[in-house]
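A.B. asks: The structure's right below; bear with me while I get my questions together.
The values are calculated or read from the model by the stated rules, or taken from the named source; none is laboratory data. On a predicted model such as this, the values are computed, not experimentally measured, just so you know. Cβ placement follows ideal geometry from the backbone for every residue including glycine, while neighbour counts extend to all protein chains displayed. Only protein heavy atoms, including side chains, enter the accessible area calculation; ligands, DNA and RNA are left aside. Shrake-Rupley method; radii C 1.70, N 1.55, O 1.52, S 1.80 Å.
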Amino acid sequence: MSQRKIGVTELVLRDGHQSLLATRMALEDMVDACEAIDKAGYWSVECWGGATYDSCIRFLNEDPWARLRTFRELMPNSRLQMLLRGQNLLGYRHYEDEVVDRFVIKSAENGMDVFRVFDALNDPRNLERAMRSVTGEAKKVNPNVHAQGTICYTISPVHTVEGYVKVAGQLLDMGAESICLKDMAALLQPQPAYDIIRGIKETYGEKTMVQVHCHSTSGVTLVALQKAIEAGADVVDTSISSMSLGPGHNPTESLVAMLEGTEYTTGLDYDTLLKIRDHFAKIRPKYAKFESAVLVDTDILKSQIPGGMLSNLESQLKAQGAGGKLREVMAEIPRVKADAGHPPLVTPSSQIVGTQAVFNVLMGPYKRMTGEFADLMLGYYGASLGERNPDVVKIAEQFAGKPVITDRPANHLAPEWDNLVAEASQLEGYDGSEEDVLTYAMFPNVAPTFLAERAAGPKSVAMTQAQMDALAAGETSAALTGPITYKVALGGREHSVKVEQG
């Protein structure tokens, strides 16, 4: 029987630990698996972008550019892949076009191959510049560069199969070499997966390369991958089994097994996969304090919370003794999402909507509004497919003191590169590189401390053996007393609310 080969993107080095361990895994816990990953036969290896850049400098004292160069050295035979948030790059705001160009080019120079470019609102205006940079100057720097245009999947009264197929066409017009259907919150059920992939193939041709990314929280998405493959999907995303499931992803080995005896094959070397599995099975317990408690949660089909957002929110609340608020926040998120015009929940919209939901639960609906949520309501992040709640828009105008906009948000940004260089050059530890300027541009509140302390080397937040032994013995901290202060971090800014107990 002739079998069609299905490419596989391995996620363990980026979204796997972002979704399960709040993006805390240190490079030192990944390097020993790289040789096996490089030999396994993956279509690509996702290892950079998303929240890893932020986590490197905020929690791990790692230079994210050094991490990328290390992966490039250790996996010479692999396509390295990153997640890029369009005009947001890897930060939480829009950047002026020159900053976008420079970031993309530097990423290619440092070894990045596959740029999965998305916009949280699926607003094509927020993708145009990044896609132009990837297909233009980045390819001159690295001939292996691949531009992947991304559709962020969500469920709402205004999102349809036909609408998603239309977005795919817009991405192809921008020069996308492949299309990714990205399901951040395990919402992709089998029939919609089939219908969307089939619609893209029938509309734009069977040779149009389509990839599918989904999380596993709802328990239905491995079947969705099967239906997507039957519809013509060329590549699918998975994570090695020892770093899978829950708010993470479907296991790589399970995909291989699922396709046995069918007309499809991954071509992956199973013995090599087991080496990767065994490595991360030893590593994962070191990060137990960051683990999500969620295994399978069909409520996710209503709350629509992405895996990475869920584990980060859960980690923050648990650290402050406020884990009991999680269900209330999950129930509030769909209401806030609807008020904002049903944006897909992916960074930064997931953090923005999630933070506002926390405040609504703690203080009452829109009694306090973050600047980021006000900007989302007023169009400064782009256009939402659905209509925004006009009453909440009015509240946002009052909080922000500025009007609604309807054109491309980046049109309102003044040139900023020269100012960023001037400001970065004044920081202790600045090495004169564009990479350091870009680090400052992404996270201006975190970069000064990171650059000043970078020379001290990485600082892993993994547990030591003694701490793991104590945890196994059941030691716990004293119960909290007195008022609780809830803190939600968003884009380098921390929002706090103090609530009395009782």
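A.B. asks: Label segment 1-140 by shape, choosing from rounded, prolate and oblate, from the square roots a ≥ b ≥ c of the eigenvalues of the Cα gyration tensor; if a/c is under 1.5 it is rounded, and otherwise prolate applies when a/b is larger than b/c, oblate when it is not.
C.D. replies: oblate
A.B. asks: Across segment 360-377, in residue order, what do the Karplus-derived ³J(HN,Hα) couplings come to in whole Hz, using 6.51 cos²θ - 1.76 cosθ + 1.60 with θ = phi - 60° and x for Gly and Pro?
C.D. replies: Working through the residues one at a time gives 5, 5, 7, 10, x, x, 6, 6, 9, 10, 6, x, 5, 5, 4, 4, 4, 5 Hz.
A.B. asks: What's the carbon and sulfur percent of segment 137-229's accessible surface, probe 1.4 angstrom, rounded to a whole number?
C.D. replies: Whole-percent figure for carbon plus sulfur exposure: 53.
A.B. asks: Under a 1.4 Å probe, what is the accessible area of the chain per residue, stated in Å²?
C.D. replies: Per residue, the chain has 38 Å² of solvent-accessible surface.
A.B. asks: Find how much the distance from V296 to K402 grows on full extension, using 0.36 nm per residue of separation minus their present alpha carbon separation; answer in nm with one decimal.
C.D. replies: Difference between extended and current length: 33.9 nm.
A.B. asks: Tell me the label only: which of [x] 37, 29, 24; [y] 31, 27, 26; [z] 39, 35, 21 is semi-axes √(5λ) of the Cα gyration tensor in Å as calculated from this structure?
C.D. replies: Recomputing semi-axes √(5λ) of the Cα gyration tensor in Å here gives the entry labelled [y].
A.B. asks: Set Lys and Arg Cβ to +1 and Asp and Glu Cβ to -1, take the dipole of the chain about its Cα centre, and tell me which of A331, A257, Y42 lies farthest positive.
C.D. replies: Positive-end residue among those listed: A331.
A.B. asks: Also, quick follow-up: Between H146 and residues 5 or more places away or on another chain, which pairs have amide H atoms under 5 Å apart, with H built 1.01 Å from N, and which residues are they?
C.D. replies: It is V114, F115, by chain and number.
A.B. asks: Another question, if that's okay. In the chain, what percentage of the DSSP-assigned beta bridges are antiparallel, given to the nearest 5?
C.D. replies: 20
A.B. asks: Shifting gears a bit: Out of A441, I151, W417, whose Cα points farthest toward the positive end of the dipole of the chain (charges: +1 Lys, Arg; -1 Asp, Glu; placed on Cβ)?
C.D. replies: Of the candidates, I151 comes out farthest on the positive side.
A.B. asks: What spacing in nm lies between the two simple spin-label points modelled at E206 and V158, each 7 Å away from Cα in the Cβ direction?
C.D. replies: My value for the distance between the label points is 3.7 nm.
A.B. asks: At K140 and E453, where each label point lies 7 Å from the Cα along Cα→Cβ, what is the point-to-point distance in nanometres?
C.D. replies: Going from the K140 label point to the E453 one covers 4.0 nm.
A.B. asks: Calculate the FRET efficiency for V31 and V421 from the Cβ-Cβ distance with a Förster distance of 25 Å, rounded to the nearest 0.05.
C.D. replies: 0.20
A.B. asks: Hey, what do the phi angles of segment 246-255 turn into as Karplus ³J(HN,Hα) couplings, whole Hz, using 6.51/-1.76/1.60 and θ = phi - 60°, x for Gly and Pro?
C.D. replies: x, x, x, 10, 5, x, 4, 5, 5, 4
A.B. asks: Sticking with this one: Using the Karplus curve 6.51 cos²θ - 1.76 cosθ + 1.60 with θ = phi - 60°, what ³J(HN,Hα) values do you get for each residue of segment 445-454, in whole Hz, with x for Gly and Pro?
C.D. replies: Karplus-based 3J(HN,Hα) across segment 445-454 equals 7, 9, 4, x, 5, 4, 4, 5, 9, 4 Hz.
A.B. asks: How large a share of the accessible area of segment 254-297, in percent, is made up of carbon and sulfur atoms when the probe is 1.4 Å and the other protein chains stay in place?
C.D. replies: Using a 1.4 Å probe with all protein chains present, segment 254-297 comes out at 51 percent carbon and sulfur.
A.B. asks: Which value, in debye to the nearest 20, gives the size of the charge dipole of the chain about its Cα centre, when Lys and Arg are +1 and Asp and Glu are -1 at the Cβ?
C.D. replies: Using only the charged Cβ atoms, the result is roughly 820 debye.
A.B. asks: At 0.36 nm per residue, and after removing the present C-alpha to C-alpha distance, how many nm does the segment from K367 to D269 gain when stretched out fully?
C.D. replies: 29.8 nm
A.B. asks: At a 1.4 Å probe, what is the % contribution of carbon and sulfur to the accessible area of segment 344-422?
C.D. replies: Of all accessible area on segment 344-422, carbon and sulfur atoms account for 52 percent.
A.B. asks: Can you find, among V99, Q426, T406, the residue farthest towards the positive end of the dipole of the chain? Put +1 on the C-beta of Lys and Arg, -1 on that of Asp and Glu.
C.D. replies: So the residue we want is T406.
A.B. asks: What spacing in nm lies between the two simple spin-label points modelled at A473 and V223, each 7 Å away from Cα in the Cβ direction?
C.D. replies: 4.7
A.B. asks: How much mean residue ellipticity at 222 nm does the chain get from its helices, if each DSSP H run of length 4 or more adds -39500 (n - 2.57) and you divide by all residues, to the nearest 500 deg cm²/dmol?
C.D. replies: Counting only the DSSP helices, I get -11500 deg cm²/dmol.
A.B. asks: Could you put E387, E260, E435 in order of accessible surface area, largest first, with the 1.4 Å probe and the full protein assembly present?
C.D. replies: E387, E260, E435
A.B. asks: Also: Which order do the peptides 331-338, 177-184 come out in when sorted by mean C-beta neighbours inside 10 angstrom, highest first?
C.D. replies: 177-184, 331-338
A.B. asks: Expressed in nm to one decimal, what extension gain is obtained for the pair A288 and S433 from 0.36 nm per residue of sequence separation less their Cα-Cα distance?
C.D. replies: 48.6 nm
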